[in-house]
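Reading through the structure tokens given below for one structure.
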Amino acid sequence: MKYWLTCVALIFGLIPATASQAADVLDVKMIGSDLARDIAAGSVTSCFEKGYAVSAVVVDRNGDTMSAIRGDFSSPFTIEIAGGKARAVILSGVSSTEFRASREDIRQELNHLPGVLVMGGGLAIESGGSRIGAVGVSGAPGADIDEACAQDALDAVIDRIGF
């Protein structure tokens with residue numbers, strides 16, 4: 001009976017909801033598939049224009065693949081590597097280059113996590129202070145180039161990401 005009275009009181013606003021009740025439903029920002037596709041394509045295009053054949057993978061905030069594009073002439077293994085770099089960003093909250101540098105002590109162990117590779121070339125995708133995903137690029141002769149191509153793609157869509 002008490003539960004029923006509490007529910008009625010909440011419905012009519014007689015008792016304010018507590019913080020624990022408010023946490024039952026969460027509002028989250030998610031990356032859309034169009035934006036994910038454009039970031040992946042922009043990364044591949046940026047590297048192509050620099051003379052490199054790469055692949056790019058964009059994952060959502062949970063590390064699930066939203067878009068994967070393998071550039072012409074890039075190795076098929078670059079898709080898996082790019083996805084692992086993007087998931088390292090989701091795991092750590094920082095660029096995969098920064099994560100690698102800060103956790104060299106356990107890098108080998110982290111690389112045993114399914115779908116995660118602690119290698120440079122992955123960047124976070126953020127909107128309004130929320131991480132909505134990550135992009136990983138693989139195939140250029142150096143993580144710095146992979147990361148630069150990802151950054152070029154993010155810079156090209158900054159107006160769509162929001163602040």
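Could we say that ASP34 is at pLDDT below 95 and acidic (Asp, Glu) here? It is false that ASP34 is at pLDDT below 95 and acidic (Asp, Glu).
Under the condition of being under 12 Å from the mean Cα position of the chain (by Cα), of a type in the set (Gly, Ala, Ser) and surrounded by fewer than 23 Cβ atoms within 10 Å (Cβ to Cβ), the residues counted in the stretch 112-137 number 3. Please work out which residue is surrounded by the most Cβ atoms within 10 Å (Cβ to Cβ), limiting yourself to the stretch 85-111 and to residues that are in a helix (DSSP H, G or I), touching a strand residue (DSSP E or B) at 6+ places or on another chain (Cβ under 7 Å) and not hydrophobic (A, V, I, L, M, F, W, C). Out of the qualifying residues, it is LYS85.
Within the stretch 49-69, the set of residues being assigned to a strand (DSSP E or B) and either of a type in the set (Gly, Ala, Ser) or in contact (Cβ under 8 Å) with a residue 24 or more places away in the chain (or both) comprises SER55, ALA56, VAL57, VAL58, VAL59, ASP60, MET66, SER67, ALA68, ILE69. Within the stretch 143-161, the residues that satisfy the criterion of being touching a residue at least 12 places away in the same chain (Cβ under 8 Å) and either of a type in the set (Val, Ile, Thr) or within 12 Å of ALA86 (Cα to Cα) (or both) are ILE145, ASP146, GLU147, ALA150, VAL157, ILE161.
Specify the residue that is nearest to LEU91 (Cα to Cα); the eligible residues are those in the stretch 21-49 that are charged (D, E, K, R) and exposed (fewer than 13 other Cβ atoms within 10 Å of the Cβ).
Among them, the one singled out is ASP27.
Looking only at residues in the stretch 25-48 that are in contact (Cβ under 8 Å) with a residue 12 or more places away in the chain and assigned to a loop (DSSP other than H, G, I, E, B), the one that is farthest from SER96 (Cα to Cα) is VAL28.
I'm trying to understand the selection: among the residues of the stretch 118-142, which are in contact with a helix residue (DSSP H, G or I) (Cβ under 6 Å, 6 or more places away or on another chain), without any contact (Cβ under 8 Å) to a residue 60 or more places away in the chain and over 30 Å from ASP27 (Cβ atoms)? Those that are in contact with a helix residue (DSSP H, G or I) (Cβ under 6 Å, 6 or more places away or on another chain), without any contact (Cβ under 8 Å) to a residue 60 or more places away in the chain and over 30 Å from ASP27 (Cβ atoms): VAL118, MET119, GLY120, GLY121.
The values are calculated or read from the model by the stated rules, or taken from the named source; none is laboratory data. As the structure is a prediction and not an experimental result, all values here were calculated from the model. So basically every Cβ, Gly included, is an ideal-geometry build from the backbone, and we count neighbours across all protein chains shown.
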